[in-house]
Amino acid sequence: MWTETLLGVPLIFWGLLCLAIAVGYYFFWPKPGPRRLTSRSLSEHIVLRYFHSLVWALLAIGAFLGALGAGATGRWVALLAIPVYIVFLVYVIRDRNKEEAARAARRAGAGNRDMGAPL
């Protein structure tokens, strides 16, 4: 029952490791910087704040279920982490692109203001 392994390491260890990472990301997450130009919507905030931790929690639950002998259920729970992580990555990329577009627009606006300035 507790003898299932992944790469020779017991699944219970993998579950504890994933759980520790999930807790770490829940409490210590990269917050938006003070010089951020754009705000985040509620859905963006929820996805960027909680989904990365959720991915690790799903992996931990899958490992624990596998260690308890429910391997098929554990695999399905762990596989749920893949679409959650894809959604998280899409939101990360969109958020960074949105912020970069705002910075580029600000730079372009600053350049336009200086166009008519006397030397």
Which trypsin sites (Lys or Arg not before Pro) in region 14-49 pass both tests, a DSSP loop state and at most 12 other beta-carbon atoms within 10 Å? ARG35
Starting from the Cα of ALA104, move 7 Å in the Cα-to-Cβ direction to define the label point; list residues of region 39-64 whose amide nitrogen is under 20 Å from there. 39-40
Taking θ = phi - 60°, what integer Hz values does the Karplus form 6.51 cos²θ - 1.76 cosθ + 1.60 yield along region 85-90, in sequence order, with x for Gly and Pro? 5, 5, 4, 4, 5, 4
Looking at region 1-101, which chymotrypsin sites (Phe, Trp or Tyr not before Pro) are DSSP coil and have at most 15 other C-beta atoms within 10 Å of their C-beta? TRP2, PHE28
From zero outward in steps of 5 Å, how is the percent of C-alpha pairs of the chain spread across the bins? 2, 11, 15, 16, 12, 10, 9, 7, 6, 4, 3, 2, 2, 1, 1, 0
Computed [θ] at 222 nm, helices only, for the chain once each DSSP H run of length n ≥ 4 contributes -39500 (n - 2.57): -25000 deg cm²/dmol
Please give the charge dipole size of the chain, origin at the Cα centre, charges +1 on K and R Cβ atoms and -1 on D and E Cβ atoms. Round to the nearest 20 debye. 620
What distance in nm separates the two pseudo spin-label positions at TRP76 and VAL92, each 7 Å out from Cα along the beta-carbon direction? 2.8
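Read the figures in this text as sums done on the coordinates, not as results from a lab. Here the structure is a predicted model, which is why all the values come from computation and not from measurement. Note: ideal-geometry Cβ built from the backbone for every residue, glycine included; neighbour counts use all protein chains shown.
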